[in-house]
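Report on the structure given below.
The values are calculated or read from the model by the stated rules, or taken from the named source; none is laboratory data. It should be emphasised that the depicted structure is a prediction, and the values quoted were computed from it without experimental measurement. So basically every Cβ, Gly included, is an ideal-geometry build from the backbone, and we count neighbours across all protein chains shown. Only protein heavy atoms, including side chains, enter the accessible area calculation; ligands, DNA and RNA are left aside. Shrake-Rupley method; radii C 1.70, N 1.55, O 1.52, S 1.80 Å.
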Amino acid sequence: MITLSMIGVEMNIFLLVFIGLAVGILSGFVGVGGGYLVTPALIILGLPANFAVGSSIAWLVGNSIIGTLRHRQLGNIDMKLGLVMTPGTLCGVEVGVRLLNWTRNIGLSEVAVLSTLIVILVVIGTYTFQEIRKRKIQLDEMLKKRDKLPPAMGLSLIARKLQGLSILPMIHFAKSKLTISLWVILAIGFLTGTLAGFVGVGGGFIMMPSLIYLIGLPSFMAVGTDLFQIIFSASFGCIRHTMSGNVIIFIAVLMMLGSSIGTQLGALITQYVRGISMRYILVTSILLCVVGSILKLINVLLAAPAPWLQEGAVGVTFGGMGLVVIMIVSLFIMATRYRHGWPIPAW
């Protein structure tokens, strides 16, 4: 245990490293920054919300750089798209930081951050689950008929409509093989940036589905491009939160010890699985995060906090991280067996 004397909170060093390792594996595998798991996990461990948000953003900077370097080697990054989106993202981060500081000053930062995370995660998790469930049914039917599986999912209806909007200027992205209006890219960047500044995420759990379902990127390209773009939003957010006194760099460094290994492993596994598997893992992590955050929020709102709610939040959050890691490693093992022609369980 370490005591953070400036805020009077004790935290377990090994749990902080475990957070970095587990979220690093998820980040490298799915392409999200992982802040949507780190922020509530730190709050559940007793860190005030503003410090949890600031420290999460600081950790995201290093984690995203590690993931980006790995995905660049794999050819999964559209740098032009990431750079074009950056101006909108940075403007959103500034708005988010100001909102967090305002809720901190009126004493509602924990409630505001947890409530915002829960609502957004429920919406995104529900939509993503419905989409991949339909996709899974299609793939199962193709397997029964022994049809050749497509290399990637087709464009969603929304992506086709947005790509069809002729609002000048139109930009062509050769790496991703798409043409879309600049204003669509900037709007998505602004939304994810606002969330990055307010709840301590890199915007990845919004950006990843947005790149796939709204813009139309293949899953693997969305993973690397998302991590590349997070570098800019997280760096700017880190600077702004440091100026506001919300960053505890020691916590960020401890988590980085774990994520420096986990992100590399997660990125490597993306070469062995299909995009639908990555989205299944994303939905699972979102569901577990929602449950843990709800338990913590109820405990915060109660006049007399209940120990069982706190223990439940810790169990669901950290047990969920372990479960997600097991799922990712299991997928890797099954994919390797499949490539070698060995039998794998039907599930």
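Determine if region 205-215 includes at least one residue that is open to solvent by 10 Å² or more (accessible area, probe 1.4 Å), modelled with pLDDT under 75 and either assigned to a loop (DSSP other than H, G, I, E, B) or in contact with a strand residue (DSSP E or B) (Cβ under 7 Å, 6 or more places away or on another chain) (or both).
no
Between residues in region 80-108 that are over 20 Å from Gly224 (Cβ atoms) and residues that are among the charged types (D, E, K, R), which pairs lie under 8 Å by C-beta distance while being six or more apart or on different chains?
Val93/Arg240; Glu94/Arg240; Val97/Arg240
Which one of these is among the hydrophobic types (A, V, I, L, M, F, W, C), modelled with pLDDT of 85 or more, part of a helix (DSSP H, G or I) and in contact with a strand residue (DSSP E or B) (Cβ under 7 Å, 6 or more places away or on another chain): Val17, Val84?
Just one listed residue meets the conditions, Val84.
Output the number of the condition that Leu47 fails; it satisfies all remaining conditions of (1) out of contact with any Leu (no Cβ under 6 Å at 6 or more places or on another chain); (2) in a helix (DSSP H, G or I); (3) in contact (Cβ under 8 Å) with a residue 60 or more places away in the chain; (4) within 16 Å of His241 (Cα to Cα).
Every condition holds for Leu47 apart from (2).
Please determine, by comparing only the residues of region 303-330 that are in a helix (DSSP H, G or I) and open to solvent by 50 Å² or more (accessible area, probe 1.4 Å), which one is farthest from Ser293 (Cα to Cα).
Val329
Spot the failing condition for Ile344; the list is (1) open to solvent by less than 60 Å² (accessible area, probe 1.4 Å); (2) at pLDDT 80 or above; (3) touching a Lys or Arg at 6+ places or on another chain (Cβ under 7 Å), and only one is missed.
(1)
Give the residue, chosen from Ser285, Ser277, Ser244, Ser293, that is small (Gly, Ala, Ser) and farther than 25 Å from Val119 by Cα.
Ser244 is the lone residue from the list that is small (Gly, Ala, Ser) and farther than 25 Å from Val119 by Cα.
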